[in-house]
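Presented below is the structure to which this report refers.
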Amino acid sequence: MSRRDIAKAQAGLESVAEQVLQLAKERGATAAEVALSEESGLSVNVRLGEVETIEFNKDKGIGVTVYFGQRKGTASTADFSRAALNDAVRAACSIATFTADDPYTGLADADRMATEIPDLDLNYPWDVTPEMAIELATACEDAARSYDEQISNSEGASLSSHEGTRVYANSHGFIGGYSTTRHSMSCSVIAEDKNGMQRDYWYSVARDRSDLESAFEIGNKSAARTLQRLGGRRLETSKVPVLFAADVAGSLISHMISAIRGGNLYRKSSFLLDKLGEQIFPDFVHIHEKPHMKKVLGSAPYDSEGVATYARDLVRDGVLQGYVLDSYAARKLKMESTANSGGVHNVLIEAGELDQQGLLREMGNGLLVTELLGMGVNTVTGDYSRGAAGFWVENGVIAYPVDEITIASNLSDMFMQLQAVGNDIDYRGNIKCGSLLVDAMTIAGT
Amino acid sequence: MTETAGLSIDSVQQQLLAPSGLGINELERVLASIMQHNVDYADLYFQASRFESWTLEDGIVTDGVHSVERGVGARAVSGEKSGFAYSDEIALPALQEAATAARAIARQGQEKQIKAWTRTAGHRLYLPTDPLSSLGDRAKIELLEMVDREARKLDPRVKQVIASLAGGDDTILLLASDGTHAADVRPLVRLNVTVIVEQDGRREQGNSGGGCRRDYHYFIDEARALGYTREAVRQALVNLEAQDAPAGTMQVVLGSGWPGVLLHEAIGHGLEGDFNRKGTSAFSGRVGERVASDLCTVVDDGTLAQRRGSLNIDDEGVPTENTVLIEKGVLKGYMQDKLNARLMGVASTGNGRRESYAHLPMPRMTNTYMLPGPHAPEEIIASVKNGLYAVNFGGGQVDITSGKFVFSASEAYMIENGKVTFPVKGATLIGSGPDVLQRVTMVGDDLALDAGVGTCGKEGQSVPVGVGQPTLLIDGLTVGGTNV
């Protein structure tokens, strides 16, 4: 889309937003808010050199929340016709006649609305045709398949490109919108030896296609990662140090984020309840939230209530500095919103001195985890037990691949027993984290 | 009950197409335009859904959500290739645009004929009832308030109750170049209860719930809502007493019902047709081989009345079946959709499912369960000298290719000298799909299906499913506790 088309799409959504707020007002709502989105895109998957799927995506949606005093109702639809908007507002208003008075409900405070919307450089449209996408995905898969003769099969390589525009408005008079793009390429291949098959993958994702890793690199990495897993063995049940590779370490930080989220705090269902101002990591750990990073996937100028986002410390010197709150949870906890309605925006754990090789040497003997399976994390208690695959490390060097084991501990202990943070930060996800070395966890195996 | 008369394709067609003035002739022309390219198969999938949910916490229902969605997906299949586009507008220009995009998967070629329309007579496993209006909104809220009161009355250690009631229906119409002309109206309701309990500074949670393809009266009948509440509180209180779980490989007894998630992860996904056609499953090419002990017969059955995973027809218009996956330990066959069935030279088993009109169909499970065996559950527990008895689970995951799977217990006990002794904390269990069922040494006579809460994710698409099994003894499974 050209800049003018984007402006037009945004203006179109803004006018729908205004209509919806007007409809809510006419029905007597004392406050209302509305979020709209429009997205389009293309995904192709190529497998064994042949096109497998071409999918054209085109989605739109609108969600409206109305308030009658302290009562609330929500409705959504994908139909932007006047009649459908009217139906949605009516449905939301009807729900609000049944929900209970809730002293904490309502829009975020007016003085917290973003007053200017910084351009975070998130929109890099790519007029990729299916033919170009097929060519790139084919090159990616070819690189993986020709990497080694033990690569015996493939789940294929995919390329996808999406662009979208979002608008949020509320009856404080806030109205804002911006457009974003998201392009990604991935490859997953299979290797086989006498012990059976193994699969692994690699992907790259960016706002700007020129920031994507090359098709060749992605293909090669997916093949190399797959080959390394051949001949996986189990381990004996024991307690050993564990190094979480950067691309899985972010999940540990996401468990922390979940435990300091407002909803889990006011429900008292968090192992980090009442830990504000307390030591939850060793003092070398610093974790920041940086919502305004240019061109980055997790960036956002305001949260999903229109509250201006801002940079802050989540953890400084190992001490918890703040929670992750929307306005509702903030009121329940007698605190202020942290502009996290809808989630966090770019959480960064400050890099330490060592890369993964250095951390392996520091660990000596232990387990390097490169894949986690399952959902065995209890946010209420912090109990942690997940399936894992990776490598056994001896004297700082990878000895052999490992699979069909579990690793278990409690997150509170794992955080406090963190030994080191790597400088090999994986920037792809919303949580940007290097490898994490944890002192000791229980391995269950043979 | 407010169930109305059975389903007619005409009434579904009226509902989905009439507002835009579309008729069967226009749709036939759109399909024919796709078939002008070198396409083996094409279909149009129309859908209208409504959904609502009500949530209670801190004793009050503070949130209600209502949503509607409608649209149409157009798919063209040529060999192993699929072209797919969709629109959230059911109107001729949008449909033509989607069809043009989808057929680009294949070059222009000899136009193939669309077969004469054959109306599929699907099962009548559930009726086209309207869950949303089956209970007044006030009564829905009162149901949740009753759950809250009951939970708090049961035990003073209950500190928080979160309860949600959700319901909706999907109305679908399918027209395909193979002559399929089919429709379905699929109601689905669900009630969930989570409680947090606290004692001496220790907090634990318990979860329970259920659902099916009926309306909200299901939760009032037989006082089911209260039953879920008691179950959630019971589980949470058990967990307050739980000690660290053991780590290592040991005998594991799995309870009946929801622990059948074992079958879903360990073998179910690995027996889906797409992975086996591509040779990427640990079970590829193993039909006729022994993959389980001869005590094990496992089916995928989409034909159970009113179950959450059941369908009158799948999303390709094929009536669902009761498919034997493993019979007395021997692998019998895979679950198929039309594309994979055609490429593998077999018939669809009615397992072609999609999350919505905006997603491509693929082989998916319905209700997957193991048939009962000869043993009394007490006898199974009594046979174990030292092991784990796991009766409730959260979710699981599987790596199809290596066959490694996990599933996480949320309620478990130690068995010592044939007796259930004390509760242990939840732990993840890990095993290898082609191996685990070979270690099944006892199968109970107490087959139970889950309460209707399962949702399965695959390639980013979620669909409702069911699982079930009798009590099982697995002679050696790895338990991921912390206690060495």
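What follows draws every value from the coordinates through simple rules; no lab data is involved. Please read these numbers as outputs of a predicted model, since none were measured by experiment. Methodologically, a virtual Cβ is constructed for each residue, glycine included, from the backbone with ideal geometry; neighbour enumeration extends over all protein chains shown.
Between the C-alpha center of the stretch A:285-359 and that of the stretch A:388-413 there is a gap of 29 Å.
Semi-axis lengths, largest first, of the ellipsoid equivalent to the stretch A:222-345 are 32, 20, 14 Å, with √(5λ) applied to each eigenvalue of the Cα gyration tensor. Each Lys and Arg Cβ is given +1 and each Asp and Glu Cβ -1; about its Cα centre, chain A then shows a dipole of about 1240 debye. Legend: mean number of C-beta atoms from other chains within 10 angstrom of residue C-beta atoms, peptide A:36-49, equals 1. Can you list which of the GluC sites (Glu not before Pro) found in the stretch B:262-314 are DSSP loop residues with at most 15 other C-beta atoms within 10 Å? Qualifying residues, ordered by number: B:Glu289.
Model label sites at A:Glu149 and B:Met146, defined 7 Å from Cα along the beta-carbon direction, differ in position by 7.1 nm. Note on B:428-437: average number of Cβ atoms from other chains within 10 Å of each residue's Cβ is 4.
Gyration tensor over the Cα atoms of the stretch B:187-234: the corresponding equivalent ellipsoid has semi-axes (square roots of 5 times the eigenvalues, largest first) of 27, 10, 5 Å. The Cβ shell under 10 Å around B:Gly270 holds other residues with a net charge of -2, Lys and Arg each +1, Asp and Glu each -1.
Entry note, chain B: relative contact order of 16 percent, from Cα contacts under 8 Å with a spacing of 6+ residues. Extending 7 Å from Cα along the Cβ direction at B:Ile24 and again at A:Leu333 yields two label points whose distance is 5.9 nm. Relative to the Cα centre, the charge distribution of chain B, modelled as +1 at Lys and Arg Cβ and -1 at Asp and Glu Cβ, gives a dipole magnitude of about 720 debye.
Computed over the protein assembly as shown, the alpha-carbon pair-distance distribution with 10 angstrom bins reads 2, 11, 20, 26, 25, 13, 3, 0, each value a whole percent.
Long hydrophobic helices in chain A: the complete DSSP H runs spanning 27 Å or more by Cα along their own axis with mean Kyte-Doolittle hydropathy of at least -1.0 are A:3-26. The stretch A:210-234 and the stretch A:158-204 have Cα centres spaced 18 Å apart. Straight-line cross-link partners of A:Lys72 among the lysines, defined as a Cα under 18 Å from its Cα and at least 8 positions apart when in the same chain: A:Lys25, A:Lys332, B:Lys140.
Computed from the Cβ-Cβ distance with R0 of 30 Å, the FRET efficiency linking B:Ala376 to B:Ser11 stands at 0.05. Of the peptides A:154-167, B:451-464, the order by per-residue mean of other Cβ atoms within 10 Å, starting with the highest, comes out as A:154-167, B:451-464. Above 18 Å, the calculated P(r) of the stretch B:387-484 contains 55 percent of its Cα-Cα pairs.
Using the Cβ-Cβ distance between B:Glu416 and B:Ala223 with R0 set to 51 Å, the FRET efficiency works out to roughly 0.90. Computed about its Cα centre, the charge dipole of the stretch B:227-315 is approximately 60 debye, with only Lys, Arg, Asp and Glu carrying charge at their Cβ.
Secondary-structure-derived ellipticity at 222 nm for the protein assembly as shown, considering helices only, amounts to -6500 deg cm²/dmol, per-run term -39500 (n - 2.57) for DSSP H runs with n ≥ 4. Taking one quarter of the surface of the C-alpha convex hull of the stretch A:49-98 gives a mean projected area of 5.3 nm². Fully extending the segment from A:Ser81 to A:Glu192 would add 34.5 nm, taking 0.36 nm per residue of separation and subtracting the current Cα-Cα distance. Cα-based radius of gyration for the stretch B:262-393, normalised by 2.2 N^0.38 Å, reads 1.16.
Remark: mean inter-chain Cβ contacts per residue of B:380-389 equal 0, using a 10 Å Cβ-Cβ cutoff to other protein chain atoms. Take the Cα of A:Phe98, step 7 Å toward its Cβ, do the same at A:Thr129, and the gap between the two points is 5.3 nm.
Between B:Ile400, B:Trp117, B:Val443, the Cα set farthest toward the positive side of the dipole of the protein assembly as shown (charges on each charged residue's Cβ, about the Cα centre) is that of B:Trp117. Going by a ≥ b ≥ c, the root eigenvalues of the Cα gyration tensor, does the stretch A:1-47 fall in the rounded group (a/c under 1.5), the prolate group (a/b larger than b/c) or the oblate group? Judged from the Cα gyration tensor, the stretch A:1-47 comes out oblate (a/c at least 1.5, b/c at or above a/b). Taken over the stretch B:211-311, the percentage of Cα pairs per 5 Å bin, counting from 0 up to the bin with the maximum distance, is 2, 8, 10, 16, 15, 15, 13, 10, 8, 2.
Taking amide H positions as modeled 1.01 Å from N, with prolines and chain starts lacking one, the residues under 5 Å from B:Arg308 and 5 or more places away or on another chain are B:Arg213. Summing charges over neighbours of B:Asp148, with a neighbour being any other residue whose Cβ is under 10 Å away from its Cβ, gives -1 when K and R count +1 and D and E count -1.
Using all pairs of distinct alpha-carbon atoms, the Kirkwood hydrodynamic radius of chain A works out to 24.1 angstrom. Each principal axis of the Cα atoms in the stretch B:33-99 has its own extent, and those three values, largest first, are 60, 27, 11 angstrom. Rounded to two decimals, the Cα-based Rg/Rh of the stretch A:69-138, with Kirkwood Rh, is 1.24. Over all distinct Cα-Cα pairs of the stretch A:309-363, the Kirkwood formula returns a hydrodynamic radius of 13.5 Å. For the modelled label position 7 Å from the Cα of A:Asp109 along Cα-to-Cβ, which residues of the stretch A:329-354 have backbone nitrogen atoms closer than 20 Å? Inside the label zone: A:329-343. Counting charges near B:Ile474 (Lys, Arg +1; Asp, Glu -1) among other residues having Cβ under 12 Å from its Cβ returns a value of -1. For chain B, the Cα gyration tensor yields ellipsoid semi-axes of 41, 29, 17 Å (square root of five times each eigenvalue, largest first, whole Å).
With kT/(6 pi eta Rh) evaluated at 4 °C and eta = 1.567 mPa s, and Rh the Kirkwood radius from Cα pairs, the stretch A:164-279 diffuses with a coefficient of 67 µm²/s according to Stokes-Einstein.
Note that the stretch B:129-248, at 37 °C in a medium of 0.692 mPa s, gets a Stokes-Einstein diffusion coefficient of 201 µm²/s from its Kirkwood radius over C-alpha pairs. Here r is the Cβ-Cβ distance between B:Gln110 and A:Glu116 and R0 is 56 Å; the resulting FRET efficiency, rounded to 0.05, is 0.40. Over the stretch A:48-201, the Kirkwood radius and the radius of gyration, each from Cα atoms, give a ratio Rg/Rh of 1.18. With contacts taken as Cα pairs under 8 Å and at least 6 residues apart, the stretch A:74-192 reaches a relative contact order of 23 percent. The length gained on full extension between A:Glu50 and A:Asp283, counted as 0.36 nm times the residue separation minus their Cα-Cα distance, comes to 78.6 nm. Annotation for the stretch B:321-379 versus the stretch A:66-132: alpha-carbon center distance of 40 Å. Only Cα pairs under 8 Å and 6+ residues apart enter the sum, and on that basis the relative contact order of chain A stands at 15 percent.
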